[in-house]
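Asks: Structure below; questions to follow.
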Amino acid sequence: SICSDDFQFIGVEGGSETCSPLDLAELLEAEASRFDGCSLRCQLLVHLQAAWPVSVVFGGHSGHGDDGEQAGASISVKHLPPLCLHLLLRPGYPAHALPHIEVLATWLSQQKLNSLCEKLLQLGADLLGMPLIFEW
């Protein structure tokens, strides 16, 4: 589940605003016209807990060993750092535009991060018109 501390507005860009810190109370109290043509930057942390130990490979090099597995050491973990989703809610979100998304996690390869991003955007296309950041 997502707690209020896991969702944070980072700032506003575009229109007459520049990227500036913004808290939720300020956003809710501001006149809607203040943000016309603006994009909102926000961050969402997604905490994961594995139902069983997960093997994490680290170190080594980008090549593969003789058995086809990635070279490096591996450890077994039960908890992982959260996924960090950087979102840019563009004008027209959620009715007409998907958010721009970047997924960050030190424990996932760039290939896996790109794949996760693609899947989130595919799901988003199916949910266009809905505030999908909490559906993800």
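Asks: Kindly indicate whether Leu85 is in a helix (DSSP H, G or I), touching an Asp or Glu at 6+ places or on another chain (Cβ under 8 Å) and within 29 Å of Trp52 (Cα to Cα).
Replies: No: the conditions fail for Leu85.
Asks: Right, something else. Which of the residues belonging to region 119-136 are assigned to a helix (DSSP H, G or I) and modelled with pLDDT of 80 or more?
Replies: Residues of region 119-136 assigned to a helix (DSSP H, G or I): 119-126, 132-134.
Across region 119-136, the qualifying residues are Lys119, Leu120, Leu121, Gln122, Leu123, Gly124, Ala125, Asp126, Leu132.
Asks: Taking Leu27, is it at pLDDT 55 or above, open to solvent by less than 80 Å² (accessible area, probe 1.4 Å) and part of a strand (DSSP E or B)?
Replies: Working: at pLDDT 55 or above: yes; open to solvent by less than 80 Å² (accessible area, probe 1.4 Å): yes; part of a strand (DSSP E or B): no.
Answer is no for this residue.
Asks: For region 72-90, give me each residue that is under 14 Å from Cys42 (Cα atoms) and open to solvent by 70 Å² or more (accessible area, probe 1.4 Å).
Replies: Arg90
Asks: Determine the pairs where a residue that is farther than 12 Å from Ala105 by Cβ and open to solvent by less than 80 Å² (accessible area, probe 1.4 Å), located within region 45-57, has a partner that is part of a strand (DSSP E or B) and modelled with pLDDT under 75 with Cβ atoms under 6 Å apart, the partner being 6 or more residues away or on another chain.
Replies: Val57/Gln70
Asks: Quick check on this structure: which one of Ser62, Ser33, Ser55, Ser76 is more than 17 Å from Ile133 (Cβ to Cβ), part of a strand (DSSP E or B), among the polar types (S, T, N, Q) and at pLDDT below 80?
Replies: From the options Ser62, Ser33, Ser55, Ser76, the qualifying one is Ser55.
The values are calculated or read from the model by the stated rules, or taken from the named source; none is laboratory data. Worth saying up front: this structure is predicted, and the values here are computed from it rather than measured. In this analysis, Cβ positions are derived from the backbone assuming ideal geometry, glycine residues included, and neighbour counts consider all displayed protein chains. Note: accessible area is taken over every heavy atom of the protein model, side chains too, but ligands, DNA and RNA are not part of it. Shrake-Rupley method; radii C 1.70, N 1.55, O 1.52, S 1.80 Å.
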